[in-house]
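Notes to accompany the following structure.
The values are calculated or read from the model by the stated rules, or taken from the named source; none is laboratory data. Because the structure is predicted, anything quoted here is derived from the model rather than measured. Cβ sites come from the backbone with ideal geometry, for glycine too, and all protein chains shown count toward neighbours. Calculation scope for accessible area: heavy atoms of the full protein, side chains included, ligands and nucleic acids excluded. Shrake-Rupley method; radii C 1.70, N 1.55, O 1.52, S 1.80 Å.
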Amino acid sequence: MSFNHKEIEKKWQKYWLENKTFRVDIHDDKPKYYVLDMFPYPSGDGLHVGHPEGYTATDIIARMKRMQGYSVLHPMGWDAFGLPAEQYAIQTGNDPRDFTEKNIATFKEQIINLGLSYDWDREISTCDPKYYKWTQFIFTKLYEKGLAEIKEVEVNWCEGLGTVLANEEVVNINGKMVSDRGHHPVVKKPMKQWVLKITKYAERLLNDLEDLDWPESIKEMQRNWIGKSEGAIVKFKVKDHDDIFEVFTTRPDTLFGATYCVLSPEHELVRKITPENKLEEVEKYIEYARSKTDLERTDLNKEKTGVFIGAYAINPVNNKEIPIWIADYVLKSYGTGAIMAVPAHDERDYEFAKKYDLEIIPVLEGDISEGAFVGDGIHINSDFINGLNKEDAIKKMNEYLVEKGLGYPEINYKLRDWIFSRQRYWGEPFPVIHWEDGTIEILDKDVLPLELPVMDKVTTSNTGESPLANATDWVNVVREDGVKGRRETNTMPQWAGSCWYYIAYLLRENNDYIDLESKEAKEILNKWLPVDLYIGGAEHAVLHLLYARFWHKVLYDCGIVSTKEPFFKLFNQGMILGEDGEKMSKSRGNVINPDDVVEEYGADTLRLYEMFMGPLEATKPWSVKGVEGPRRFLERVYRLYTEVAVIVDENKNLEKVYHQTVKKVTIDYENLRFNTAISQMMVFINECYKDTNIPYDYLIGFLKLLNPIAPHLTEELYSQVFNKNESIAYQEWPTYDEEKTKENVVTIVIQVNGKIRDKIEIAADTSREDLEKKALNNPKVLPYINNKEIRKVIIVPNKIVNIVV
């Protein structure tokens, strides 16, 4: 008989919601377990089948930990600010709030239909003023600590979207920078922006990675993004000018091999030191460089381009005149925006020098006939450091630079300060007023939140400001002394709300939030942080995780949190591809809607299938036919419990496989190896069909093991077959006896002089004497040992008997 998944799933979803089955008491004295999903942006498209993969994984852990006696926090919320809602508002004239609330309702319904055990009393939304009050408050703490300031910085300005874009949101099409979303033109433009000084925390962000249980690949991506380099600042004078520019180099010992310098096209000295006859060519190249994204400009595989600007620098160690070039691969935002080029020992400099016929002087022993020598070698052509190795030469050169006032040792980071302003309406307003007397007022906590004004129509401004500039009644303010001021019209980036949302879940209470600075908040955060398990996509490997770690460290310095890191264990689920093996997208027409799968097969089947597809971290293609197998397995479980099983007190035939199943499923769940846990559960069910006299404890225990993956069906069987009035959710997790997991029978290989003569089945841990006797009397062995001298019998218990004759 088949089970009616629609009826069963609706029944239990209603039960869990009405009874608040998964509500956590954060003040209880049980050990805590905090398992967290990366919360979604509620787009108009709703969930696709990739979302439930990570959500099901965390749900399995949450459900198991509850049964193991933990107080489990497993929350869900919405990363609800963002550009799509703003674009919708601008294009339709509708309020982005309505659009966002409608999408959240759709997402929430889909998630509830998946049977995910979230504590909905702790639901959050980053666009809720009660929530962003505290986002704004954290900004005020950043400002107080000197970590937020207004700077004029060159940004990627997109007129079509009316906002600044991050480098990752810009692509190059036909030599022009355009927005990744909508392909609107993008230009480099200096603008006053709020900047957060994340670079002040670079060293801590780097060092504290060592304490985290994260994939090494993710740690390495963060290390590379932070990009720590130890080296020196070297000062170069410009010939016939009073100007000096500085370069950062990790190899000051190669200074004698510096044969040219390269400035970024945007370097402030370029126009100043370029002679009249070169200006037109230089200006043309500057425009060319501005059309490229930073990522493209620094691509090692692209063809090197540059222009000699007609000026020379003086090499500080030998007073040699060397030409100054500009090239797009040097960025103003990295290091000092200038480099010294040592083509003999740097591949990029070598290619550039060969292309433009520039001098190449080797300063390390090594072959440079076919390319740069980038290994270590003894120094040559280097005056006072000739004959030295790398370490000694760097030390001596640094001493020389300091002594002569030509430079100094320096640590550099690739990490840039975080441009924190967006020219958008749909984001957190800055709690800031700019007064006409030049002062800036940061609003006190007592008057927060500063709410976004409701606007009749969200439209772009003509000034490069956000649409908020059009809300003049909100923007313009007057102080009691008559001084006029303007509120900040930029809003915070979407990253802001996700920097602290894991804290917000903990402080959610009575549809509001506990004061971040209160004693109660401190006690809760001390108990519950860090997050024990955080699962999400690898696409957030750098920015979200780095920004959240930065804010957490600031809150640590403010005494608000007591842990140095927010997320102890991180796991990235793999991507689920379309049936065609390609990434799911509307344009390809290969998007699978989970609603359709739930409708036809049920949420339990979807959950089981996604966990059975392969290792959680693997990329794997969807298969419509593949869903049928997990459904058939659940049908077998249902029939076993409702039609086949005869409940008994004991059955030795099932004892071993049951205890093995409890052990393997428990260990595999803990290690997020859900596919192999499911395989073992299938083994158990197969054995039960061979011998249908099944002990009561085994039937109950198996339901508990399966419950985290298939919660609806297991609740139904627990309730109907065993007449239980309470949910299975908090029943005690099954235990196993290690002795009963061991194999009772082993295969022994019998050899004569190392050659296999027979294999026999024998009771495990048979004594050496009995093993030897059975081997020597084995009918297949006797022909090889009769009438021969037995020199010795070598026994490896439970494995081999080797008779030497």
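A few notes on this one:
- Where Glu650 falls short, out of the listed (1) farther than 21 Å from Lys690 by Cα; (2) assigned to a loop (DSSP other than H, G, I, E, B); (3) of a type in the set (D, E, K, R): (1)
- Flag for Asp481 being without any contact (Cβ under 8 Å) to a residue 40 or more places away in the chain, open to solvent by 30 Å² or more (accessible area, probe 1.4 Å) and of a type in the set (Asp, Glu): yes
- Test: residue in segment 353-375 that is open to solvent by 30 Å² or more (accessible area, probe 1.4 Å), at pLDDT below 95, in contact with a Lys or Arg (Cβ under 9 Å, 6 or more places away or on another chain) and not in a loop (DSSP other than H, G, I, E, B): no
- Test for Tyr350: is it at pLDDT 95 or above and open to solvent by 30 Å² or more (accessible area, probe 1.4 Å): no
- Taking the conditions (1) buried (at least 16 other Cβ atoms within 10 Å of the Cβ); (2) within 29 Å of the chain's Cα centre (by Cα); (3) of a type outside the set (Phe, Trp, Tyr) in turn, Ile667 satisfies each one other than (1).
- Residue that is surrounded by the most Cβ atoms within 10 Å (Cβ to Cβ), among those in segment 234-282 that are of a type in the set (S, T, N, Q) and assigned to a loop (DSSP other than H, G, I, E, B): Ser264
- Candidates Val657, Val665, Val627, Val637 - the one that is in contact (Cβ under 8 Å) with a residue 60 or more places away in the chain and either in a helix (DSSP H, G or I) or closer than 25 Å to Gly701 by Cα (or both): Val637
- Of the residues making up segment 312-344, those that are in contact with a His (Cβ under 8 Å, 6 or more places away or on another chain), under 16 Å from Tyr285 (Cα atoms) and part of a strand (DSSP E or B) number 1.
- All positions within segment 683-719 that are closer than 20 Å to Arg63 by Cα, aliphatic (A, V, I, L, M) and open to solvent by 10 Å² or more (accessible area, probe 1.4 Å): Ile700
- Filtering segment 334-347 to residues that are more than 10 Å from Thr259 (Cβ to Cβ), buried (at least 19 other Cβ atoms within 10 Å of the Cβ) and of a type outside the set (Val, Ile, Thr) leaves Gly335, Gly337, Ala338, His345, Asp346.
- The residue of segment 622-660 that is farthest from Glu687 (Cα to Cα), among those that are under 41 Å from the mean Cα position of the chain (by Cα) and aliphatic (A, V, I, L, M), is Val624.
- On the stretch given as segment 259-278, residues that are more than 24 Å from Glu359 (Cα to Cα) and over 37 Å from the mean Cα position of the chain (by Cα) total 3.
- Hits in segment 591-624 (condition: in a loop (DSSP other than H, G, I, E, B), touching a residue at least 60 places away in the same chain (Cβ under 8 Å) and β-branched (Val, Ile, Thr)): Val591, Ile592
- Residue in segment 598-605 that is within 32 Å of the chain's Cα centre (by Cα), over 23 Å from Leu703 (Cα atoms) and open to solvent by 30 Å² or more (accessible area, probe 1.4 Å) present: yes
- Listed by first and then second residue, the pairs with beta-carbon distance under 6 Å, at least 6 apart or on different chains, first residue in segment 571-590 and under 24 Å from Ile535 (Cα atoms), second at pLDDT below 90 and among the polar types (S, T, N, Q), are Gly578/Asn590; Met584/Asn590.
- Being closer than 30 Å to Glu739 by Cβ and open to solvent by 60 Å² or more (accessible area, probe 1.4 Å) holds for only one residue in Arg632, Arg636, and it is Arg636.
- Residues satisfying the stated conditions in segment 55-83, i.e. of a type in the set (D, E, K, R) and either open to solvent by less than 10 Å² (accessible area, probe 1.4 Å) or not in a loop (DSSP other than H, G, I, E, B) (or both): Asp59, Arg63, Lys65, Arg66
- Failed item in (1) without any contact (Cβ under 8 Å) to a residue 60 or more places away in the chain; (2) under 30 Å from Glu520 (Cβ atoms); (3) basic (Lys, Arg), with Arg66 passing the rest: (1)
- Residues of segment 456-466 that are farther than 20 Å from Val187 by Cβ and either open to solvent by less than 30 Å² (accessible area, probe 1.4 Å) or free of Cβ contacts under 8 Å to residues at least 60 places away in the same chain (or both): Asp456, Val458.
- Taking the conditions (1) in contact with a Leu (Cβ under 7 Å, 6 or more places away or on another chain); (2) more than 22 Å from Leu263 (Cα to Cα); (3) open to solvent by 30 Å² or more (accessible area, probe 1.4 Å) in turn, Leu205 satisfies each one other than (3).
- Residues of segment 26-54 satisfying the condition of being closer than 30 Å to Tyr547 by Cα and open to solvent by 80 Å² or more (accessible area, probe 1.4 Å): His27, Asp45
- The test for being at pLDDT 95 or above, over 21 Å from Pro409 (Cα atoms) and either out of contact with any strand residue (DSSP E or B) (no Cβ under 6 Å at 6 or more places or on another chain) or among the basic types (Lys, Arg) (or both) does not hold for Ala327.
- Among the criteria (1) in a strand (DSSP E or B); (2) free of Cβ contacts under 8 Å to residues at least 24 places away in the same chain, the one Asp392 does not fulfil is (1).
- Only one of the numbered conditions (1) without any contact (Cβ under 8 Å) to a residue 60 or more places away in the chain; (2) in a helix (DSSP H, G or I); (3) charged (D, E, K, R) is violated by Glu86, and that is (1).
- Pairs, first free of Cβ contacts under 8 Å to residues at least 24 places away in the same chain in segment 297-313, second among the small types (Gly, Ala, Ser), C-beta under 7 Å, six or more apart: Thr305/Ala327
- Only a single criterion out of (1) touching a helix residue (DSSP H, G or I) at 6+ places or on another chain (Cβ under 9 Å); (2) more than 28 Å from Lys11 (Cα to Cα); (3) open to solvent by 20 Å² or more (accessible area, probe 1.4 Å) is not satisfied by Pro621, namely (1).
- The residues of segment 391-419 that are touching a Leu at 6+ places or on another chain (Cβ under 8 Å), closer than 27 Å to Asn224 by Cβ and open to solvent by 40 Å² or more (accessible area, probe 1.4 Å), listed by number, are Tyr408, Asp417.
- Contact annotation: residue pairs with Cβ atoms under 6 Å, 6 or more positions apart or on different chains, pairing a residue in segment 11-38 that is over 13 Å from Ser117 (Cβ atoms) with a partner that is assigned to a loop (DSSP other than H, G, I, E, B) and of a type outside the set (A, V, I, L, M), are Pro31/Tyr70; Tyr34/Asp532.
- Across segment 748-768, the qualifying residues are those that are at pLDDT below 90 and open to solvent by 70 Å² or more (accessible area, probe 1.4 Å), and the one among them that is farthest from Ile795 (Cα to Cα) is Glu761.
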